[in-house]
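Have a look at the structure below, then the notes.
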Amino acid sequence: MSGKLRQMFGAQDMTVGRPLANLAAFSIPLLIGNLAQQMYNTVDSIIVGRYVGDNALAAVGAANPILNLLLLLFMGISTGAGILVAQYFGARRPRELTSAVGTCLALTFFASLIIMVVGPLVTPPLMRLLKTPPEVYGMAVDYLTIICVGIIGCGYYNIVSGILRGMGDSITPLLFLIVACVLNIFLDILFVAKFNMAAAGVALATVIAQFISAILCIWRLMRMRDVVQLTRRSLVPDRQMTRDTIRLGLPSGLSQMIFSLASIVIQSLTNSFGPSVMACSVVVMRVDGFAMMPNFTFGAALTTFVGQNVGARRLDRVKEGVREGLVAGLAIAVVLVACILGFGEALMRMFTETEEVVQLGMHMMRILAVGYIAMAVTQSLFGVMRGAGDTVTPMWVSFVTTVVIRTPIAYLLAYLTGSPDSLFISLLTAWIMGAVITSVLYRMGVWKRKAEKVGAAMETMQVEPAVDRPEGELEA
């Protein structure tokens, strides 16, 4: 493999070179990957909306909050794994790195088994609890049950791609995601348009495509022998690594749980407005996903950047990287929001021909517009905190914004006005308050004290100082 290919597909060392160049090299493929992931979800909605109708579109939307709740185990493992991998990679500790990776792979297997058993059992009562309309209920249950039974592919793709990104490789997860996206589109059309399987066909296509992408990611990881050397023994969960993964990942898992529970409560309110508003909400959230991509991208990039530099005790680089990453994230968020406001109506017509749904969706997007700029600040600073090992602060911010702010405001406004605007005005309020709260907590510096503590611990183990590392990327 040539040097340039090694640089492109290898594990990227973010402890040397200009921070903005590191972040850009990491973020561009990650951003493209997020685009592909959003297209993955968007195509599902377009196909069911076009070939089956607005009720099928509403069914997919009604199932998503419950699915996100079931996926909180993966969220916790993925976050803990990404932080540990970035820190051990930055500290040049291959033995600990291998142990962390093997432990996370084992934990993913056990988490998948739990969801495969529990998911189909809890789906029907949860859908009834949410007062899902009868015309939507059956398709929503079918969709969610199939996703849960085949969850192992989703779990391993997300965990292993997170591990690869923790080592600075954001290219290969992107390539495998594109493969899965193309396969998913083909299978969607086959199962839904050809075999008339409705929402169940979309779920089956998703399960198959994610399983293929998971196999490809594992194959890639097994080939990175000069970075991590997996054996049968390393796949036995290490007690200390398990504790560290849970310690770092549990707050993010709890954040996901809080967000999902709040989304379920909000979904119940959404359902009360009827199938048209439910379908509109799905369309808005799909378009919303494109506006959110820069925010999540730079948050993830900063987590890896900060994690590697904390592990290497290069705290001097962290401040510069945070500043440059935040400015870049804000600039791109502004551009994408302008594009979505300008072309949003055309995007929404891809999902449905129902004029009421399209116009209501654009009205909601105009309400949310400013919030995407606020979320650029929140997600970037969340990424810094997580990379430094402070996963508790983002958890509390998520709790306050979703439970204390958004949910009560949504129900209060719905009670006072009887308007579905309450769903999105409350979300905008939560986003803006989240940016304010996160900025204040960032300046208080809990994350910085965590970083200094982690860096000191890594220094006692370090074999070779990070500053002596050659400029460039490690071969993989």
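The values are calculated or read from the model by the stated rules, or taken from the named source; none is laboratory data. These numbers come from a predicted model, not from an experiment. Note: ideal-geometry Cβ built from the backbone for every residue, glycine included; neighbour counts use all protein chains shown. The accessibility values were calculated without ligands, DNA or RNA, using every heavy atom of the protein model including side chains. Shrake-Rupley method; radii C 1.70, N 1.55, O 1.52, S 1.80 Å.
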In Hz, Karplus ³J(HN,Hα) per residue of the stretch 48-61 (6.51, -1.76, 1.60; θ = phi - 60°; x = Gly, Pro): 5, x, 7, 8, 10, x, 5, 5, 5, 4, 5, 5, 4, x
Among Met292, Val310, Gly342 the positive-end extreme of the charge dipole of the stretch 287-352 (Cβ point charges): Val310
So, how do all the Cα-to-Cα distances of the chain break down into 20 Å bins, in percent, from 0 on up? 25, 59, 16, 0
Angle between the Cα long axis of helix 134-149 and the longest principal axis of the chain, 0 to 90 degrees, nearest 10? 20 degrees
Could you give the accessible area per residue of the chain, probe 1.4 Å, as a whole number in Å²? 40 Å²
What dipole magnitude, in Debye to the nearest 20, does the chain give about its Cα centre under +1 on Lys/Arg Cβ and -1 on Asp/Glu Cβ? 1180 debye
Extension gain from Val404 to Arg323, taking 0.36 nm per residue of separation minus the Cα-Cα distance: 26.2 nm
I'd like the Karplus ³J(HN,Hα) series for the stretch 354-370: coefficients 6.51, -1.76, 1.60, θ = phi - 60°, whole numbers in Hz, and an x wherever there's a Gly or Pro. 6, 4, 4, 5, 5, 5, 5, x, 5, 4, 5, 5, 5, 5, 7, 3, 5
The chain, accessible surface, carbon-and-sulfur percent (1.4 angstrom probe): 68 percent
Once both label points are put 7 Å beyond Cα along the C-beta direction, the Asp421-Phe343 separation in nm becomes 2.9 nm
For labels at Leu315 and Ile189 in the simple 7 Å Cα→Cβ model, what's the distance in nm? 5.5 nm
If you take the charge dipole of the chain about its Cα centre, with +1 on Lys and Arg Cβ and -1 on Asp and Glu Cβ, which of Ile185, Gly387, Pro173 is farthest toward its positive end? Gly387
Nearest 10 degrees, 0 to 90: helix 239-272 Cα axis against the chain principal axis: 20 degrees
What does the extension gain come out to for Met350 and Val179, with contour length at 0.36 nm per residue minus their alpha carbon separation? 59.3 nm
Pairing the Cα long axis of helix 315-348 with the longest principal axis of the chain, what angle in degrees results, from 0 to 90 and rounded to the nearest 10? 20 degrees
With label points built 7 Å along Cα→Cβ from the Cα atoms of Ala24 and Phe110, find their separation and express it in nm. 4.4 nm
